[in-house]
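Below is one structure, written out as structure tokens; the observations come after it.
The numbers here are math on the coordinates, done by the rules we state, and not lab data. These numbers were taken from a predicted model, which means no experiment stands behind them. Don't worry about glycine lacking a Cβ; one is built from the backbone with ideal geometry, like all the others, and counts go over all protein chains shown.
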């Protein structure tokens, strides 16, 4: 009974710290930004440039941008991957998108910076984008690109909450800029709460004026719908993940992680990557798990290797991906992820220990 109470205390303490320190100032603005990107940015134009005949300097950046606009886990991205393949996307850009969406989506990067540190967030996004390009281009070079049969036409613009005639105007860029400033201002730890709330009030008033000038009623409603979709889809799973991380922190012996994963050895880094490759966590849950490992003494290089591998692939997603790309491509895809993440962890561990 005492053990159960201690486990519950650990989970509740983790939830309390998470809600007070990260929800209002980081995730709430991030959800609104993600909803705005998904509802207002003309993604049907991005998909047009992912075809196998598109220049690489266009198709691969577009695949990365499309992934950055989403906040999905390694399993949720699969139907999206299948959809863009059926729409005519080349195997290379499609694989780059498959890797990028769960690895570098905006919510994950913001949450990583908030919970673990800006250095980890920058390393995560830079390395993930680099890995996506390496994996996608190598896949396109090594394997033939058979176009999916019965290719569908480009999805209608209305499906993305924006009309075909709508363009990304200068005012829309101001709108996105204000959302980002609100996020950065709210997340800052260098200002007092009085100054922070006063500044947020001014920024929100400016945002309301820009919204009234820039967006139609239908676009605002689409923005709210997409934001609510992210909230109701992600937040319950995220809270469960934070609670579980708190419970595990109370269960795992304090010296176990530090003893076996405290330094960036090849074996420790590879083990962390394999754990991330096999295990499945909903999107963003890998971040509180990583924070827990860091608090328990995991080396920074080992932690980064885990954080690079965990969100992009899992045992359930591996079984499904095989149906889309075949066994040979699957082995290459999984193998190169393991190699890249392990190498990155070893390099990061070496640099941070200098």
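Please give the length that would be gained between residue 218 and residue 339 if that part of the chain were fully extended, namely 0.36 nm times their separation in residues minus their C-alpha to C-alpha distance (nm, one decimal).
Value of the extension gain: 38.9 nm.
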If 325, 134 are placed from fewest to most neighbouring beta carbons inside 10 Å, the sequence is 134, 325
Rounded to the nearest 0.05, FRET efficiency between residue 211 and residue 267 (Cβ-Cβ, R0 56 Å) equals 0.60
For region 299-354, the percent of all C-alpha pairs falling in each 10 Å bin, from 0 up to the bin holding the max distance, is 24, 42, 23, 9, 1
Taking 0.36 nm per residue of separation between residue 204 and residue 171 and subtracting their Cα-Cα distance, the length gained on full extension comes to 10.3 nm
Taking region 261-354, the whole-percent share of alpha-carbon pairs separated by over 21 angstrom is 31 percent
Rounded to 0.05, the calculated FRET efficiency for the beta carbons of residue 181 and residue 5 at R₀ = 56 Å is 0.80
Check: C-alpha center region 249-310 vs C-alpha center region 173-225, spacing in Å is 35 Å
Contour minus Cα-Cα span, residue 195 to residue 352, at 0.36 nm per residue, comes to 53.0 nm
Most exposed to least, judged by fewest other Cβ atoms within 10 Å, 69, 341 sort to 69, 341
